[in-house]
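S.K.: Take this structure, written in structure tokens, and hold onto it; I'll ask about it next.
The values are calculated or read from the model by the stated rules, or taken from the named source; none is laboratory data. Predicted model, so just to flag it, every value in this text is computed and none were measured. Every residue, glycine as well, gets a Cβ built from its backbone with ideal geometry; the counts of neighbours run over all protein chains shown.
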Amino acid sequence: MNNLWKKKSASTPAPQIRKVYIPDDPKSKPAPLQSKIRENQALAQRQRDASAGLSRNHSSPSTSKDPTRLQVRTKRKALRQKSPSTQHFSDDDDDDDDNDANGDEVSSPAASEKRQRRENSGPVDLKRKLRSRKAFSEEEGTSFAMIHAADVISDERKAKLGGSKDLGDDIIVELKYPNASQRERFKLVTARDEIDAYEEIIKIAEIVTDVYLTPEQAKPFKDQNGGYIRRLERARNMKQPQDFKEAVKSYNAAIDNLNKGGILAENLDSKHHMPLVMVQRILGQVYDRVVSPKVESLRKYENGSDNVYGELLPSFVHDLLTEVGLKSDQVFVDLGSGVGNVVFQAALEFGCESWGCEMMQNAYELADAQKKEFGARCRLWGVAPGRVHLQGANFLESKPIHEAMKQADVILVNNHVFTPQTNRSLVDMFLDLKDGCKIISMKNFVPDDHVAKRNADDPVNILDIIKKGHYYAGSVSWTDDPERYYIAKKRSFAEAE
């Protein structure tokens, strides 16, 4: 063989041996399943449509009317917010595949499943008390102000039921919630962009069964042959509103019996955690009854420009607040709270004292209206949220907000499109935060090239970036593209030096 290489042909050049370096394939970021992406994209589109023109509900830059605050304009189709059912990012764990080459956290189906398992197996806040004493007693009366689902449905957009033109306004049902008194009226019509009474009643029954009952108590509700929920599903599937109404009556009677025996209250007393599906349902009910019917009033903020702000969606908010370890004995502040969705979620899910500040008048008025309905909804469900405080003001100038920030354990600020000047003003405000306070933001307050020793007097030195992560489609309403979030912690001045 060696002789072959020594023979040189006049017509054929001798072969050359070269060393070729092929770089290793970079470790790619795990991507969410396509089915999850499509589902989350659809959800985000519905949320964008509902919040078009909104002064960035979570969290709007309430300090300037500078055009740099503008977001991407989106198409509008639906007027209702539907609660997301998927998660969008994962927590740190010991699996290297959950992080990219820079150590930043990324989302993946496997990591999402791990996070879902940890939701039920993580530390329990034993100080969190779910039951509302007032809701399970009649000492303050048996009725209270609320917006019934039947009052929200537009008379101009009725739907046919079961092919019959005779069914309509007369099909009214009253649903019993796990409280001592009041029921909610539903109108059995199904129309685009309206409350689907069939779907909502069945989902409520499922949540009550899963959360308020023991497995043994739940059997008559879950039985697939003739259980209460199965009867509701069958009547809906067969498009039989009268049968559905009768099934609701049977369900109500069963809940009444459990309530009179004190079983629901006793079971709720043993719980210290509210499942995300229940949080989403309650928040969605409040939004549907208050914001959706008046969503057009928010669109005037566009003023002929792309002045469209966005929202952090409930699943993403759950992930963020869980990541920072928010507890019921702590204080949460949302700077630029829009219609108040995140403020209510923190108070409901975690039971903490929750503050929000929004300067856009229409958005603040809707937040205030949501606060009233939020209280009514919590009473219907028999749960006790944390105290809620809303301020209609510029958060740079609001004294109540400044005082709340001094006590805050967690602050959320969606500074995705804030000007550098606004971000700098916020950093100056952070000097007054208590040590250890955590700040969640969509844009890093600490420049990537910042060197503390070269900028000894820079207030940004008090911030320690403890988390960098990615979120994906369905996490926020203004984009489906992967983007970043940051979690910073306020250092003590001694640590900053």
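S.K.: If you check 223, 243, 210, which single one turns out to be surrounded by fewer than 17 Cβ atoms within 10 Å (Cβ to Cβ) and in contact (Cβ under 8 Å) with a residue 60 or more places away in the chain? Walk me through how you get there before you give the answer.
M.R.: On the way: 223 fails: in contact (Cβ under 8 Å) with a residue 60 or more places away in the chain; 243 fails: in contact (Cβ under 8 Å) with a residue 60 or more places away in the chain.
After ruling out the rest, the residue left standing is 210.
S.K.: When only residues in region 256-280 that are under 29 Å from the mean Cα position of the chain (by Cα) and of a type in the set (A, V, I, L, M, F, W, C) count, which is surrounded by the most Cβ atoms within 10 Å (Cβ to Cβ)? Break it down into steps so the answer makes sense when it comes.
M.R.: Quick first cut of region 256-280, residues under 29 Å from the mean Cα position of the chain (by Cα) only: 264-280.
Filter once more, so that each one left must be of a type in the set (A, V, I, L, M, F, W, C): 264-265, 268, 274, 276-279.
Working: 264: 24, 265: 21, 268: 21, 274: 19, 276: 22, 277: 14, 278: 22, 279: 21.
Filtering first and then ranking leaves 264.
S.K.: Being of a type outside the set (Lys, Arg), surrounded by fewer than 22 Cβ atoms within 10 Å (Cβ to Cβ), in a helix (DSSP H, G or I) and modelled with pLDDT under 95: is that true of residue 305 here? Before the answer, list the steps.
M.R.: Details: of a type outside the set (Lys, Arg): yes; surrounded by fewer than 22 Cβ atoms within 10 Å (Cβ to Cβ): yes; in a helix (DSSP H, G or I): no; modelled with pLDDT under 95: yes.
Against the criterion (of a type outside the set (Lys, Arg), surrounded by fewer than 22 Cβ atoms within 10 Å (Cβ to Cβ), in a helix (DSSP H, G or I) and modelled with pLDDT under 95), residue 305 does not qualify.
S.K.: Condition test on residue 397, is it more than 26 Å from residue 146 (Cα to Cα), without any contact (Cβ under 8 Å) to a residue 24 or more places away in the chain and touching a Ser or Thr at 6+ places or on another chain (Cβ under 9 Å)? Can you show your working first?
M.R.: Details: more than 26 Å from residue 146 (Cα to Cα): yes; without any contact (Cβ under 8 Å) to a residue 24 or more places away in the chain: yes; touching a Ser or Thr at 6+ places or on another chain (Cβ under 9 Å): yes.
Considered against the rule, which asks whether it is more than 26 Å from residue 146 (Cα to Cα), without any contact (Cβ under 8 Å) to a residue 24 or more places away in the chain and touching a Ser or Thr at 6+ places or on another chain (Cβ under 9 Å), residue 397 comes out as yes.
S.K.: Also, quick follow-up: When residues of region 399-420 are filtered for being in a loop (DSSP other than H, G, I, E, B) and out of contact with any Pro (no Cβ under 9 Å at 6 or more places or on another chain), how many remain?
M.R.: 2
S.K.: Within region 367-414, count every residue that is within 30 Å of residue 428 (Cα to Cα) and out of contact with any His (no Cβ under 6 Å at 6 or more places or on another chain). Show your work before the answer.
M.R.: First, the residues of region 367-414 that are within 30 Å of residue 428 (Cα to Cα): 367-368, 386-414.
In the following step, the residues that additionally are out of contact with any His (no Cβ under 6 Å at 6 or more places or on another chain) were identified as 367-368, 386-413.
Qualifying residue count for the region: 30.
S.K.: Starting from region 404-424, take each residue that is within 14 Å of residue 436 (Cβ to Cβ) and buried (at least 22 other Cβ atoms within 10 Å of the Cβ) and list its partners that are among the polar types (S, T, N, Q) and at pLDDT 95 or above, counting only C-beta distances under 7 angstrom and pairs at least six apart or across chains.
M.R.: Between residues of region 404-424 that are within 14 Å of residue 436 (Cβ to Cβ) and buried (at least 22 other Cβ atoms within 10 Å of the Cβ) and residues that are among the polar types (S, T, N, Q) and at pLDDT 95 or above, the close pairs are 410/330.
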